[in-house]
Amino acid sequence: MGLVTSTPPDLGPAALAALKQYLRIAIDGEDEALTEQLRSAYEQCECFLGTTLILRDYAELLTAGSGWQALTHRPVVSIEAVDGLLAEGSDIALPVDAYAIDIAADGGGRIRIERPGAAGRVRVHYSAGIAGHWEGVPETLRQGIVRLAGFGYSERSAQAAVPAAVTALWRPWRRVVLA
């Protein structure tokens, strides 16, 4: 796994509205704290599932070696470009016939560099996610995120584990990797 960069997902106003409704908060004074809890709960959900929920773009550094290399995030929707990175730090666009890509039915993406030229590493630009926006995320996952954010908001001083009710909502969506 190489270095991966991405912009944070945009949860939008609907997620904050759902959390405020869950907590029965009608004022806007706590929006910043609630948004922090939502982001944290969202990240915990993605880590628990091993899945990117809201579609976003990634740039991942990989070696230019031969053989298939798996992309970190899934489900991969598209692989847009592959740039070669030269030793002095500049980028070069690799021609399409210099690499092979594969997106499996389960959303796993992988790439094989066939002719890297002078590049020692490559940067793969791709998109991954199961939904384009908050409302497209399956209801049970959204409900678990909102519950966890609400729990985090009400228990701010405590270091507690994720409630079992939340993991019960997420567990059917979890991707388990056997070593």
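Condition first: of a type in the set (Val, Ile, Thr) and not in a loop (DSSP other than H, G, I, E, B). Now tell me which residues in the range 141-167 satisfy that.
Once the filter is applied, which keeps residues that are of a type in the set (Val, Ile, Thr) and not in a loop (DSSP other than H, G, I, E, B), the range 141-167 yields Ile145, Val146, Val166, Thr167.
Does Gly84 fit the bill of being in contact with a Pro (Cβ under 7 Å, 6 or more places away or on another chain), assigned to a strand (DSSP E or B) and more than 22 Å from Arg39 (Cα to Cα)?
Answer is yes for this residue.
In the set Glu139, Glu114, Glu155, which member is surrounded by fewer than 18 Cβ atoms within 10 Å (Cβ to Cβ) and assigned by TED's automatic domain parsing to the domain that holds Gly84?
Testing whether each residue is surrounded by fewer than 18 Cβ atoms within 10 Å (Cβ to Cβ) and assigned by TED's automatic domain parsing to the domain that holds Gly84 leaves just Glu114.
Going by the conditions given, is Glu32 in a helix (DSSP H, G or I) and either without any contact (Cβ under 8 Å) to a residue 24 or more places away in the chain or over 18 Å from the mean Cα position of the chain (by Cα) (or both)?
yes
Quick check on this structure: which one of Leu85, Leu38 is more than 20 Å from Gly107 (Cα to Cα), at pLDDT 95 or above, surrounded by 17 or more Cβ atoms within 10 Å (Cβ to Cβ) and hydrophobic (A, V, I, L, M, F, W, C)?
Unique residue meeting the criteria: Leu38.
Any chance you could count how many residues in the range 9-29 are touching a residue at least 24 places away in the same chain (Cβ under 8 Å) and more than 17 Å from Leu141 (Cα to Cα)?
Total satisfying the criteria: 1.
For residues that are closer than 30 Å to Tyr22 by Cβ and buried (at least 19 other Cβ atoms within 10 Å of the Cβ), scanning just the range 117-136, find the one that is farthest from the chain's Cα centre (by Cα).
If we take residues in the range 117-136 being closer than 30 Å to Tyr22 by Cβ and buried (at least 19 other Cβ atoms within 10 Å of the Cβ), then Trp134 is farthest from the chain's Cα centre (by Cα).
The values are calculated or read from the model by the stated rules, or taken from the named source; none is laboratory data. For clarity, every value in this text was computed on a predicted model and none was experimentally measured. Here the Cβ is made from the backbone with ideal geometry for all residues, glycine too, and neighbour counts use every protein chain on show.
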